[in-house]
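The values are calculated or read from the model by the stated rules, or taken from the named source; none is laboratory data. Computed from a predicted model, the values in this text were never measured in an experiment. So basically every Cβ, Gly included, is an ideal-geometry build from the backbone, and we count neighbours across all protein chains shown. Heavy atoms of the whole protein, side chains included, go into the accessibility calculation; ligands, DNA and RNA do not. Shrake-Rupley method; radii C 1.70, N 1.55, O 1.52, S 1.80 Å.
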Amino acid sequence: MKIQVSAAKLAAFAGAAAVGGFVYLIAPGKIRKKQKSPFQNRNFAHRGLHKRDKSVPENSLAAFERAASYGYGIELDVQLSKDGQVVVFHDDTLNRVCGVDARVDSKTLEELRQLSLCGTDETIPLFSEVLKTVRGRGALIVELKNGRRNTELCEKTYALLRRYTGDYCIESFNPFIVRWFKRNAPEVVRGQLANPPKDYNGEVNPVTGFILGNVLLNFLARPQFIAYKIAPKPFPVKLCEALGAMKVCWTSHDRVNEKGNDTVIFEFYKPKPKFSKQR
């Protein structure tokens with residue numbers, strides 16, 4: 001039997017397949033209302049409630065205590081020391097915050113303890129110390145930094161979080177780190193961090209920047225929220241949010257960013273811990 005298909009029908013089939021494939025790439029994971037609740041319409045202090053003059057430095061126990069005392073959620077960064085300790089520090093290198101020309105993962109915990117944060121008495125804390133300091137007084141957004149031992153970082157961070165009784169979620173710029181949690185800790189709310197493609201600034205090649213900035217690897221981890229830099233969002237990010245991903249923005253310096261977002265990561269001002277839904 002001869003089957004004839006018109007060119008128009010073939011084009012329609014091809015178009016539908018292309019749309020379906022695109023949606024498959026960027027679709028988020030499902031998130032329940034109960035999972036959303038600790039993060040919904042809440043402000044999170046970026047690297048703790050640190051001060052612009054650095055008298056309370058970022059990612060310090062003082063900054064985390066201060067944020068918790070104000071009732072804020074807290075965003076922070078974790079990575080590994082040379083001897084495999086989970087420490088809280090943002091940059092790959094120690095130059096900007098500690099004035100030392102070395103990578104964080106090239107120093108043991110004992111060596112890191114000897115360094116000052118921004119010239120204060122504060123030092124680089126262990127993640128376990130931060131958890132003891134916060135004590136569940138505010139939800140945590142834990143960013144796992146991309147490094148040379150990502151699987152080890154995921155395993156050790158999750159082991160610490162499993163013993164923690166407060167609310168938390170995880171995020172990373174590296175979708176393979178987010179995927180680790182999807183596979184090994186599916187109960188943990190997970191998010192994909194992203195910039196506009198042009199803002200990767202040579203950290204990755206332009207093609208990779210385009211893929212990451214347009215969240216085209218969401219199929220690897222099915223993130224439940226997209227933490228996107230405050231900037232115009234490309235269409236794939238908007239579609240992912242329309243499909244159910246929570247909207248998390250960073251880094252806010254003005255309350256106006258509460259409008260249209262589920263969660264705001266802020267610094268250098270003091271908003272209310274929770275904001276009303278503004279759409």
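Couple of notes before you dig in:
- Complete set of residues in region 7-26 that are out of contact with any helix residue (DSSP H, G or I) (no Cβ under 9 Å at 6 or more places or on another chain) and either assigned to a loop (DSSP other than H, G, I, E, B) or at pLDDT 75 or above (or both): Ala17, Ala18, Val19, Gly20, Gly21
- With respect to the conditions (1) out of contact with any helix residue (DSSP H, G or I) (no Cβ under 9 Å at 6 or more places or on another chain); (2) open to solvent by 10 Å² or more (accessible area, probe 1.4 Å); (3) over 15 Å from Gln85 (Cβ atoms), Asn150 lacks only one, and its number is (1).
- Meets criteria (surrounded by 13 or more Cβ atoms within 10 Å (Cβ to Cβ) and over 27 Å from Leu212 (Cα atoms)) for Thr93: no
- Failed item in (1) of a type in the set (Phe, Trp, Tyr); (2) farther than 23 Å from Arg42 by Cβ; (3) within 11 Å of the chain's Cα centre (by Cα), with Phe219 passing the rest: (3)
- Annotation: of all residues in region 246-262 being over 15 Å from Lys233 (Cβ atoms) and of a type in the set (Val, Ile, Thr), the one that is farthest from the chain's Cα centre (by Cα) is Val256.
- Arg179 farther than 22 Å from Gly244 by Cβ, of a type in the set (Lys, Arg), at pLDDT 95 or above and out of contact with any strand residue (DSSP E or B) (no Cβ under 6 Å at 6 or more places or on another chain): no
- Here Gly84 fits the description: over 21 Å from the mean Cα position of the chain (by Cα) and open to solvent by less than 10 Å² (accessible area, probe 1.4 Å).
- Selection within region 99-143: residues that are free of Cβ contacts under 8 Å to residues at least 40 places away in the same chain and either assigned to a strand (DSSP E or B) or within 24 Å of Gln192 (Cα to Cα) (or both). The member of this set that is most open to solvent (accessible area, probe 1.4 Å) is Arg103.
- Of the candidates Arg42, Arg32, Arg52, the single residue that is at pLDDT 95 or above, open to solvent by 20 Å² or more (accessible area, probe 1.4 Å) and within 15 Å of Gly71 (Cα to Cα) is Arg42.
- Of all residues in region 200-248, those satisfying the criterion of being open to solvent by 10 Å² or more (accessible area, probe 1.4 Å), within 16 Å of Asp262 (Cβ to Cβ) and of a type outside the set (Gly, Ala, Ser) are Lys229, Ile230, Lys233, Lys238, Glu241, Leu243, Lys247.
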